[in-house]
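Novice: I have a structure here, written as C-alpha cells, and I will follow up with some questions on it.
The values are calculated or read from the model by the stated rules, or taken from the named source; none is laboratory data. These figures come from a predicted structure and were not determined experimentally. Cβ sites come from the backbone with ideal geometry, for glycine too, and all protein chains shown count toward neighbours. Ligands, DNA and RNA are excluded from the accessible area calculation, which covers all protein heavy atoms including side chains. Shrake-Rupley method; radii C 1.70, N 1.55, O 1.52, S 1.80 Å.
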Amino acid sequence: MACASPAASAQDEEPLEGEPWQDNVIAEQDLQPLPADPEVDFDPTGLPRSFRAELTASHTQRGDDDFSEFGLSFGGFRETQAHGTFSLDATLLQADIGTRGESGIGGTATLWQRGLYLRGGWRGNNGLGVVNTPSSQVLQEQFRVFLPSVAMAGLSTQWTRPDDGLQWFAGLGRSGLFSGARVVGFDLGDGNVGTVGGQWNLGEDWTSAVSLLSTDGQIVQTPVGVPRLLPESTDAVHWATRWQREGHRVNLNLLSSRKDGVDAWGLWLDGSLRSGRYTHRYGLFNLEPDMAWGAQPVINDSRGAYYRLAYQHARWSWSGGLDRIESVSGRSFEGWYGTGYARYQSSPSLAYGGSLALRTSPGVDSSSTQLFLDKTLRWGQTRLQIEHATSHSGGGDDDSWQVSVDHALPLRKGRRLSFSAAYGELSYDSGPAEAVATVSAYGGLDLGERVTLDGSARWTGGDQVRGADLNINLAWRVASHWWLVGSLYENQGSRRSPFIIDPLATEQPFVTLPRDRSLFISLRYERQAGTSAGVLGGQPGAAAGSISGSVFLDENGDGERSASELPAANVTVLLDGRYAVRTDSQGEFEFPRVATGAHTVQVIPDNLPLPWFLAEDGESRAIEVRVRDATRVDIGARRQR
C-alpha cells in the first residue's frame, strides 16, 4: 500500500479562510478589581509569629447573684532560633459580683517555652503562669488507679535527655481553681503547691521514677455543684518502676501520703501483655483509707485484684474483665465487679454490639446493660442505643432504662452537625423512677461567607427536673483580621449517670438546679507574620492548612463526639510537641496556618475530671494537613464501664 508524500498532502490542503489569528489584549483599565486578600498586608519579615486578642463583655445570672464581666483574652505563637518556641494564652477578667456590686479582678495567663535545646543533649519545656504540676511518663502509666495533676499559678520546668532516658522536673506555685464561663479565670487559694521529681533508666528493660508533691487545699463539690478549695494540706511521695520487654510491661507503684497529720500508703501493680490479637491486663492494689495525692479526691480504702482480656481482629472486637475488691477499713465497697463488651462490624455500613457490667456485694447487687447499633446512611451516621440498670438492696430497688438516638450529618470537611435524643426512666437512691427526656445538638455551620454558627445545646425535661445547657457562638467576620462574636452560655446542671456502676470510679456530684446563665459579646483580632507566613511546623514559604478539633468526654465509648456528650475544658493540647493551647469552654482548640504534611496532635490530660482518662491510642493522633484544607480531629476521654 502506497502512502502519499508530505509534499503532495500539503498541496491537496485547502487554504484557510478568514482573518489571521490575533491575540486579544484587555486594557488594564477595563479589568475588574480582584476580591480582597486577607494576607495582602502580611509582613514576611522575621521568624514565624502569630497574635490574637479578644475583648469580651458579658452579663451573668448565677443563682441569686446578678453581675457583669469584662474580659480581655490574648495569645499567640513565636518561633526563635536559640530559645525554642513560645506559646502564650492569657485572660484578664473584671466582674461585679453579687447584689452589693462587689468588684473583683482576675484572670489567667500561661506562657510556654518548648523545644529548648542545651548542650549535652538536654531538651527543656518551661511554663510560667497557670500551669499543672509536671510528671514523667512512668508515673502516669496507670490503669485502675489514677493520680491527677494539680492546677497552680506559678512555674513549671521539665528537662529530658533522650540519649540515656534521664529526666527531671519541678514546679512551684499557688493553688487555685479555674473559674469563669467563656473568659476563663483562675481563683487563687491561700496555700502553696510544690513538686520535684525525676526519671532514669536502671538497665535495658528497667525504668524508675519518683515524685514529691506538697499541696495546700482540697477540692470539694458544694451542694449546688460549684467546686471549692478547702484548707487541707497534703504531702505525698510517689515512686514507680517499669519493666518492659517486647509486648510485656509491668508497672509497680508505691505512694506514701500525709493528709492533715494522717499517714496512709498505697501499693498497686499494673501489667499488660500483647500477644497477637489478644491484650491481657492484670493488677493488684492495696490503698489505705485517707490516701491522698494533690487537691482532687483519689481512690482509697480498697484492696484487690483485676484481670482484663481484649481481642481485636477484622470485624470483631471484644473484651471482658473481673475485679475482686475489699475494703481496708470495712466501711467501703466489698465484692466482685465484672464487665463484658463486644462489637461486630457486619458490613462497611453496619455494626452492632453491647456491654454488660455486674457488681455484687453483701446486701447490694447491681447490673448495667447496653445494646447499640451503628448504621452509616447516605444522610449520615446513626447510633441507636438502649441502656438498662438495676440495683437491689435491703433499703429498696432502683430500676433505670433509657433509649437514645445519635445522628451526625455528612457535611463538607471542617464542618459538623449532630443531633441526639433520649428518653427513659431514671431512679436514684431507692427513690421512684422519674421520666426524663433529653434533646441535644452540637456542631458548626457557615451562614454565608462571613458568618459562622457553632456550639452545643441540650435540653432536659422530667417530672421534677428541667434544665438546659447552652454554649452557642455566632461569629461575623467584619474585616480581614476582625471578628465580632455573640455567645449565649447557660448551665442549669446535670445528673449523674445511673448506668455507671464501677465501684472504683470517683463519685460524680449530683448538681442542684439552677446554676448560671451568661450572654457574651466579643470583638476578636488576629494577625500573623514571619518568613514562613505564620506557618506552624514548616519551612519558609511552605503551603498551609489548619487543624482544629475538640476534647470531649466519650460517654458511649464509640470514639465519635455525639451531641449529648460534654466537652473537656482547660485541657492542654500540643502540636508536634512545640505549640501549646488550652481547650475552651466548648472543649474546642485550633492551630491556624499549619504547614502541609504530617503532624502530631497530643492531648495532655492535665485537667480531665476524674475518673476520665485517655487511652494509650487516644493521647496522640497523627494528622495529615493538605493545602488550604481544614483538618479536624475530635479526641474522646473514656472511663471504665
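Novice: Restrict the check to segment 392-414 and report whether at least one residue is farther than 27 Å from Ala568 by Cα, of a type in the set (Ser, Thr, Tyr), in contact (Cβ under 8 Å) with a residue 12 or more places away in the chain and part of a strand (DSSP E or B).
Specialist: Looking for residues that are farther than 27 Å from Ala568 by Cα, of a type in the set (Ser, Thr, Tyr), in contact (Cβ under 8 Å) with a residue 12 or more places away in the chain and part of a strand (DSSP E or B), one finds at least one in segment 392-414, hence yes.
Novice: Only one of Gly330, Gly338, Gly321 is assigned to a loop (DSSP other than H, G, I, E, B) and closer than 27 Å to Trp268 by Cα. Can you tell me which?
Specialist: On the way: Gly338 fails: assigned to a loop (DSSP other than H, G, I, E, B); Gly321 fails: assigned to a loop (DSSP other than H, G, I, E, B).
On inspection, the qualifying residue turns out to be Gly330.
Novice: So which residues in segment 435-491 are of a type in the set (Asp, Glu) and within 24 Å of Asp406 (Cα to Cα), if there are any at all? So that I can check it myself, show each step before the final result.
Specialist: Step one: list which residues in segment 435-491 are of a type in the set (Asp, Glu), which gives 446, 449, 454, 463, 469, 490.
Matches in segment 435-491: Asp446, Asp454, Asp463, Asp469, Glu490.
Novice: Got a sec? Which of Leu519, Leu513 is modelled with pLDDT of 65 or more, open to solvent by 20 Å² or more (accessible area, probe 1.4 Å) and touching a strand residue (DSSP E or B) at 6+ places or on another chain (Cβ under 7 Å)?
Specialist: Among Leu519, Leu513, only Leu519 is modelled with pLDDT of 65 or more, open to solvent by 20 Å² or more (accessible area, probe 1.4 Å) and touching a strand residue (DSSP E or B) at 6+ places or on another chain (Cβ under 7 Å).
Novice: So, one more: Just a yes or no: is a residue in segment 477-486 within 30 Å of Val364 (Cβ to Cβ), among the aliphatic types (A, V, I, L, M) and modelled with pLDDT of 65 or more?
Specialist: Looking for residues that are within 30 Å of Val364 (Cβ to Cβ), among the aliphatic types (A, V, I, L, M) and modelled with pLDDT of 65 or more, one finds none in segment 477-486, hence no.
Novice: Considering every residue within segment 425-432, establish whether at least one is modelled with pLDDT of 85 or more and open to solvent by 30 Å² or more (accessible area, probe 1.4 Å).
Specialist: yes
Novice: For segment 593-610, check the following and say yes or no: at least one residue is open to solvent by 10 Å² or more (accessible area, probe 1.4 Å), at pLDDT below 80 and of a type in the set (A, V, I, L, M, F, W, C).
Specialist: Yes; the residues of segment 593-610 include at least one that is open to solvent by 10 Å² or more (accessible area, probe 1.4 Å), at pLDDT below 80 and of a type in the set (A, V, I, L, M, F, W, C).
Novice: Let me ask something else. In segment 156-191, what residues are at pLDDT 90 or above, under 23 Å from Asp89 (Cβ atoms) and of a type in the set (A, V, I, L, M)?
Specialist: Ala170, Leu172
Novice: Let me ask you something else. May I ask you to verify whether Val403 is open to solvent by less than 30 Å² (accessible area, probe 1.4 Å) and among the aliphatic types (A, V, I, L, M)?
Specialist: no
Novice: Give me the residue from segment 112-143 that is under 25 Å from Thr241 (Cα atoms) and of a type in the set (Val, Ile, Thr) and, out of that set, most open to solvent (accessible area, probe 1.4 Å).
Specialist: If we take residues in segment 112-143 being under 25 Å from Thr241 (Cα atoms) and of a type in the set (Val, Ile, Thr), then Thr133 is most open to solvent (accessible area, probe 1.4 Å).
Novice: Please tell me if Ala153 is closer than 30 Å to Phe67 by Cα and at pLDDT 90 or above.
Specialist: Judged against the criteria, Ala153 is a match.
Results for (1) over 27 Å from Gln370 (Cα atoms); (2) over 15 Å from the mean Cα position of the chain (by Cα); (3) of a type in the set (Ser, Thr, Tyr), shown as yes or no for each residue.
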{"residue": "Ser564", "(1), (2), (3)": "no, yes, yes"}
{"residue": "Asp576", "(1), (2), (3)": "yes, yes, no"}
{"residue": "Ala580", "(1), (2), (3)": "yes, no, no"}
{"residue": "His599", "(1), (2), (3)": "yes, yes, no"}
{"residue": "Val603", "(1), (2), (3)": "yes, no, no"}
{"residue": "Pro609", "(1), (2), (3)": "no, no, no"}
{"residue": "Arg626", "(1), (2), (3)": "yes, yes, no"}
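Novice: Ok, one more. Can you confirm whether Ser361 is open to solvent by 40 Å² or more (accessible area, probe 1.4 Å) and of a type in the set (Gly, Ala, Ser)?
Specialist: no
Novice: Let me spell it out: the conditions are (1) buried (at least 19 other Cβ atoms within 10 Å of the Cβ); (2) closer than 24 Å to Asp374 by Cα; (3) in contact with a Leu (Cβ under 8 Å, 6 or more places away or on another chain), and Arg415 meets all of them except one. Which number is the exception?
Specialist: Arg415 satisfies every listed condition except (1).
Novice: Sticking with this one: Within segment 433-454, take every residue that is open to solvent by 40 Å² or more (accessible area, probe 1.4 Å) and of a type in the set (Gly, Ala, Ser) and give me the one that is farthest from Asp469 (Cα to Cα).
Specialist: Among those that are open to solvent by 40 Å² or more (accessible area, probe 1.4 Å) and of a type in the set (Gly, Ala, Ser), it is Gly448.
Novice: Does any residue of segment 365-388 turn out to be closer than 26 Å to Arg632 by Cα, open to solvent by less than 50 Å² (accessible area, probe 1.4 Å) and of a type in the set (Val, Ile, Thr)?
Specialist: Checked against the condition, which is being closer than 26 Å to Arg632 by Cα, open to solvent by less than 50 Å² (accessible area, probe 1.4 Å) and of a type in the set (Val, Ile, Thr), segment 365-388 yields at least one hit.
Novice: Next question. Quick check on this structure: which one of Val262, Val250 is in contact with a Ser or Thr (Cβ under 9 Å, 6 or more places away or on another chain) and among the β-branched types (Val, Ile, Thr)?
Specialist: Being in contact with a Ser or Thr (Cβ under 9 Å, 6 or more places away or on another chain) and among the β-branched types (Val, Ile, Thr) holds for just one of Val262, Val250, which is Val250.
Novice: Under the condition of being in a strand (DSSP E or B) and open to solvent by 20 Å² or more (accessible area, probe 1.4 Å), which residue from segment 455-467 is nearest to Thr390 (Cα to Cα)?
Specialist: Out of the qualifying residues, it is Thr460.
Novice: Same structure again: Starting from segment 67-93, take each residue that is on the phi > 0 side of the Ramachandran plot and list its partners that are not in a strand (DSSP E or B), counting only C-beta distances under 8 angstrom and pairs at least six apart or across chains.
Specialist: Close Cβ pairs satisfying both conditions: Gly84/Arg578.
Novice: Within segment 611-621, which residues are part of a loop (DSSP other than H, G, I, E, B) and either open to solvent by 60 Å² or more (accessible area, probe 1.4 Å) or aromatic (Phe, Trp, Tyr) (or both)?
Specialist: Scanning segment 611-621 gives Trp612, Glu616, Asp617, Glu619.
Novice: Do you know which of the residues in segment 283-337 that are basic (Lys, Arg) and within 30 Å of the chain's Cα centre (by Cα) is surrounded by the fewest Cβ atoms within 10 Å (Cβ to Cβ)?
Specialist: So in segment 283-337, the residues basic (Lys, Arg) come out as 303, 308, 315, 324, 331.
With the extra rule that they be within 30 Å of the chain's Cα centre (by Cα), the set shrinks to 308, 315.
Details: Arg308: 19, Arg315: 11.
Out of the qualifying residues, it is Arg315.
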